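Structure first, then comments.
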Amino acid sequence: MRNLDLTTLRSFVAVSDHGGVTRAATALNLTQSAVSMQLKRLEEMLGLDLLDRSNRKIALTPSGEQLLGYARRLVETNDEIVGRLTDQVWEGEITFGVPHDIIYPTIPRVLKQFNAAFPRVKVNLNSSYSTALIASYGSGDVDLILTTETIVGPGGETLTEMPLRWYGAVGGTAWKQRPLRLANCRNCLFRPGAIKLLEEAEIDWENAIDSDSDGAIMATVSADLAVTAILEGSAPGHLELVPTAANLPELGTQKINLYGGRTPRNELVEQLAIMLRNGFCASDMAAVNQS
């Protein structure tokens with residue numbers, strides 16, 4: 001019976017998540033040669049080619065794709081066991097703020113990973129607008145926040161950038177109406193920029209709803225009463241991208257910024273920040289592979 005080496009599996013998962021040996025080595029705090037050797041050892045142990053190295057960018061072979069799910073579960077189980085049984089018991093509480101529109105799909109995976117590693121640490125999730133989160137972070141009410149912004153503020157770091165898109169009801173026609181009916185929460189950071197771009201394009205518009213409720217906004221748009229601006233990939237299934245035939249202005253991109261991750265005051269906060277960086281990096285690579 002052959003036993004798989006968890007160290008090699010961890011390197012394999014890291015290479016898949018980060019899109020290459022260099023980034024994986026940085027995330028694992030190893031040298032590139034060490035990661036490459038671990039991958040070779042894993043392939044020799046299984047007698048399979050797991051990575052397609054024929055192109056400049058490393059990709060998984062069919063065997064590698066099949067192994068990835070198993071490898072990820074084994075690594076996560078290992079980390080959970082170590083986290084729960086290790087002699088060094090971490091206890092504490094972290095308040096983490098994140099805008100509602102970037103919670104999925106990355107945040108649940110990161111919180112699950114963090115809980116497995118630090119089961120006795122309570123993470124209080126605070127979902128609000130970026131402006132409110134920035135104010136809460138400035139007053140010390142939260143330890144760590146993510147924001148969606150066009151720039152990065154003092155002390156922040158940009159984890160990734162996401163395109164902002166126009167969305168409407170599936171099969172809807174609200175985008176054809178003039179004035180264009182717009183639905184975004186009154187405190188939404190996307191709203192002023194979208195309005196400015198519409199006015200520059202000389203497209204008449206009007207508010208379809210005046211509300212701070214995300215549920216009310218989604219209901220209005222899904223009923224085909226308005227269009228809205230949402231980060232690509234974060235829209236619910238009952239909405240779809242407005243067709244290019246609408247000739248609505250491009251909305252540009254939004255930065256996903258992290259604040260509090262480089263403050264050497266709390267090791268647990270730093271560990272959560274590391275997982276967030278890796279999580280958004282993995283999401284970026286998954287999006288690239290799908291495209």
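Just the C-alpha atoms of the chain: what Rg/Rh do they give, with Rh taken as the Kirkwood radius?
On the way: Rg = 22.0 Å, Rh = 21.3 Å.
My calculation puts Rg/Rh at 1.03.
Cysteine residues of the chain whose Cβ has no partner cysteine Cβ closer than 4.7 Å: 281.
Built from the Cα atoms of region 135-260, the convex hull projects on average onto 8.1 nm², one quarter of its surface area. Taking the accessible area of the chain, probe 1.4 Å, and keeping the other protein chains in place, the carbon and sulfur fraction comes to 51%.
Rg and Dmax, both from the Cα atoms of region 9-106 and both in Å, are 16.4, 47.
Spatially close Lys pairs in the chain, defined by Cα atoms under 22 Å apart and a spacing of eight or more places or different chains, total 4.
Using the heavy atoms of the protein chains and a 1.4 angstrom probe, tell me the accessible area per residue for region 102-243 in square angstrom. Before the final figure, lay out each step's value.
On the way: 6900 Å² over 142 residues.
Per residue, region 102-243 has an accessible area of 49 Å².
Sorted by mean Cβ packing within 10 Å, highest first, what order do the peptides 174-186, 11-23, 50-62 take?
Values: 174-186: 18.1, 11-23: 21.4, 50-62: 13.4.
In decreasing order of mean packing, 174-186, 11-23, 50-62 become 11-23, 174-186, 50-62.
Both radii are taken from the alpha-carbon atoms of region 58-132; with Rh as the Kirkwood radius, Rg/Rh is 1.10. Using a cutoff of 8 angstrom between alpha carbon atoms and counting only pairs six or more residues apart, the relative contact order for the chain works out to 20 percent.
The values are calculated or read from the model by the stated rules, or taken from the named source; none is laboratory data. No experiment lies behind these values; they were computed from the predicted model shown. Heads up, the Cβs are rebuilt from the backbone with ideal geometry, glycines too, and the neighbour counts pull from every protein chain shown. These accessible areas exclude ligands, DNA and RNA; they are computed on the full protein's heavy atoms, side chains included. Shrake-Rupley method; radii C 1.70, N 1.55, O 1.52, S 1.80 Å.
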